[in-house]
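Novice: One structure is given below, represented as structure tokens, and several questions about it will come after.
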Amino acid sequence: MKTQPLLKTDSIQELAEFWDKHDLTDFEDELEEVTEPVFEQATVIPLNLESEEAEAVRRIAEAKEIADVELIREWVRENMQAD
């Protein structure tokens, strides 16, 4: 029995909580077939750093309270915008 409308969000957490409490068959009349991929896969680029470089990145990331990969991604984006 449907008690609320189908959730419309991009939040994986919200979607997981919603579907933990609801049954898909209650929303059959609102569903539509999706033929294109919904989530884009990220492209992974390996990055080899010297130990000292990696440690420096970790320290800077810790100081900013972000993950080291987020820091590197931020640097790449900044440099792409600068070009």
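The values are calculated or read from the model by the stated rules, or taken from the named source; none is laboratory data. Please read these numbers as outputs of a predicted model, since none were measured by experiment. No Cβ is skipped: glycine too gets one built from the backbone with ideal geometry, and neighbour counts run over all protein chains shown. Calculation scope for accessible area: heavy atoms of the full protein, side chains included, ligands and nucleic acids excluded. Shrake-Rupley method; radii C 1.70, N 1.55, O 1.52, S 1.80 Å.
Novice: Test of understanding: among I72, I66, which residue is surrounded by 10 or more Cβ atoms within 10 Å (Cβ to Cβ), in a helix (DSSP H, G or I) and of a type in the set (A, V, I, L, M, F, W, C)?
Specialist: So the residue among I72, I66 that is surrounded by 10 or more Cβ atoms within 10 Å (Cβ to Cβ), in a helix (DSSP H, G or I) and of a type in the set (A, V, I, L, M, F, W, C) is I72.
Novice: Which residue, of F18, F39, F27, is assigned to a loop (DSSP other than H, G, I, E, B) and at negative phi?
Specialist: F39
Novice: Okay, moving on. Filter region 6-42 down to the residues that are open to solvent by less than 80 Å² (accessible area, probe 1.4 Å) and of a type in the set (F, W, Y), then identify the one that is farthest from R73 (Cα to Cα).
Specialist: Step by step, filter region 6-42, then rank; the result is F27.
Novice: Among the residues in region 44-58, are any of a type in the set (A, V, I, L, M, F, W, C), surrounded by 10 or more Cβ atoms within 10 Å (Cβ to Cβ) and part of a loop (DSSP other than H, G, I, E, B)?
Specialist: Checking region 44-58: at least one residue is of a type in the set (A, V, I, L, M, F, W, C), surrounded by 10 or more Cβ atoms within 10 Å (Cβ to Cβ) and part of a loop (DSSP other than H, G, I, E, B).
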